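Report on the following structure.
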Amino acid sequence: MFRIGSVEIAHPFTLAALSGHSDAPMRRLCRRHGAAYAVNEVVLDRCVTHEGAWQKRLLAVPADDHPIGGQLMGSDPADFGPAADRLVRLGYDVIDINFGCPVEKVLKRCRGGYLLGEPQTALAIVRAVLAAVGGRAPVTVKLRRGLDDSAESRRRFDRVLDGALEAGVAAVTLHARTVAQRYTGAADWRFLAEMRRRVGPRTLIGSGDLLTAEACLAMLRETGVDGVAIARGAIGNPWIFAACRALADGRPAPPPPSLAEQRAALAAQLAGLLELYRGRPPVRMLWRSGLSYSRWHPTPKKVRAAIVAVRSPFEFERMLDEWYGPAHTGEARADAADGDKPKVNVRSPNIRPGASFSVG
Ligand SMILES: Cc1cc2nc3c(=O)[nH]c(=O)nc-3n(C[C@H](O)[C@H](O)[C@H](O)COP(=O)(O)O)c2cc1C
């Protein structure tokens with residue numbers, strides 16, 4: 001167990017904020033498989049205060065989706081207070097501020113990772129959020145380890161980190177890559193260990209290169225972080241949480257998901273998308289869900305072709321019946337004739353970094 005301020009998190013294995021992925025359907029699925037905490041995908045401060053019905057639905061927190069963090073991104077401290085207040089009123093348990101996003105169009109608008117180079121503005125944002133939340137929920141920050149590897153970047157990172165801790169943030173989630181690295185190169189876990197000592201009694205959640213359950217356990221062991229934020233490792237792989245918990249308890253990791261388990265996860269994603277989008281999920285969301293699980297299928301290439309041919313929820317269900325078997329049977333087309341080897345290793349998911357990082 002660890003804490004983010006007043007919020008208790010049952011164990012260290014949490015779902016990271018993932019733009020285009022960590023929506024209510026994915027969060028609930030990951031929780032069902034053992035995630036202790038989840039962060040909604042990043043949202044722009046101005047979108048949160050816009051009262052449209054659509055925003056309301058995307059930001060709504062289902063009753064079985066706690067504890068949950070709501071993550072804000074923007075550039076003007078004045079916009080953050082009202083947005084943070086709204087997230088608290090919507091039922092978010094933790095308010096997180098994004099100072100890490102490396103996407104070009106986000107940086108150009110002086111948001112996300114850009115603010116690691118602007119400590120004064122970043123800290124004004126932190127203070128604005130803390131003042132608006134007024135102790136109703138813990139406030140946290142998501143950082144990268146700097147803009148780049150220069151000494152100046154490190155000085156600015158230190159000012160942001162120390163200033164945020166001094167102002168009163170309850171926890172820091174640290175992605176141990178620089179903004180310049182985006183998603184390439186290794187995350188620097190030694191930096192996480194160093195920051196663990198710096199953050200003192202406050203909570204530190206580690207992020208970076210957590211693609212397998214073994215990696216999650218190794219990060220906890222090697223760096224001393226309180227929790228891990230599983231990101232790419234959880235896309236199309238809610239089972240990673242059960243594997244983490246098994247390894248942490250000294251049990252062997254469960255076997256790779258059977259076809260029936262894959263079907264159940266995909267059906268749950270579909271049901272979640274139907275609920276979220278009132279029966280009309282965008283086709284690209286169906287494709288994204290389907291494709292993210294396809295690596296587990298015995299004939300991944302063929303199933304991918306079937307997924308991108310889908311045009312409606314009805315066709316998605318038909319695809320499930322054909323390729324994953326009717327509900328509860330797990331019998332399906334599994335002729336390995338397309339030359340694809342079944343991918344049965346929970347340890348090496350093959351997700352293209354940042355492939356759908358579309359916010360901002
Ligand atoms: C598709 C994608 C979307 C992401 N969206 C967010 C986001 O909305 N907010 C955030 O703080 N980080 C976001 N991240 C960063 C992750 O939370 C995480 O810090 C990063 O992927 C490093 O972890 P990993 O190497 O284990 O994937 C995103 C990463 C990916 C790949």
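The values are calculated or read from the model by the stated rules, or taken from the named source; none is laboratory data. Keep in mind it's a predicted model, so treat the numbers as computed, not measured. For neighbour counting, all protein chains shown are included, and Cβ atoms are generated from backbone atoms with ideal geometry for every residue, glycine included. Surface accessibility is based on the protein's heavy atoms, side chains included, excluding ligands, DNA and RNA. Shrake-Rupley method; radii C 1.70, N 1.55, O 1.52, S 1.80 Å.
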> Going through the range 191-202 one residue at a time, which ones are within 16 Å of the ligand (Cβ to nearest atom) and open to solvent by 10 Å² or more (accessible area, probe 1.4 Å)?
Replying inline: F191
> Which ones in the range 188-245 are under 23 Å from V139 (Cβ atoms) and of a type in the set (D, E)?
Replying inline: D226
> Which residue, of W296, W239, W323, W287, is without any contact (Cβ under 8 Å) to a residue 40 or more places away in the chain, open to solvent by less than 60 Å² (accessible area, probe 1.4 Å) and among the aromatic types (F, W, Y)?
Replying inline: W323
> Which residues, counting only those in the range 107-153, are farther than 15 Å from L165 by Cα, open to solvent by 10 Å² or more (accessible area, probe 1.4 Å) and among the charged types (D, E, K, R)?
Replying inline: K108, R109, R111, E118, R136, R145, D148, D149, E152
>> What's the total number of residues in the range 88-100 that are within 14 Å of the ligand (Cβ to nearest atom), in contact with a Leu (Cβ under 8 Å, 6 or more places away or on another chain) and either open to solvent by 30 Å² or more (accessible area, probe 1.4 Å) or of a type outside the set (S, T, N, Q) (or both)?
In response: 5
>> Within the range 52-59, does at least one residue satisfy the condition of being within 14 Å of the ligand (Cβ to nearest atom), buried (at least 18 other Cβ atoms within 10 Å of the Cβ) and outside any helix (DSSP H, G or I)?
In response: no
>> So for the range 24-34 (the condition being within 16 Å of the ligand (Cβ to nearest atom), in a loop (DSSP other than H, G, I, E, B) and surrounded by 23 or more Cβ atoms within 10 Å (Cβ to Cβ)), does at least one residue qualify?
In response: no
>> Criterion first (of a type in the set (D, E), within 25 Å of I125 (Cα to Cα) and in the same structural domain as R136 (by TED's automatic domain parsing)) does D85 satisfy it?
In response: yes
> Has the range 247-255 got any residue that is over 29 Å from M1 (Cα atoms) and either outside the structural domain of D162 (by TED's automatic domain parsing) or hydroxyl-bearing (S, T, Y) (or both)?
Replying inline: no
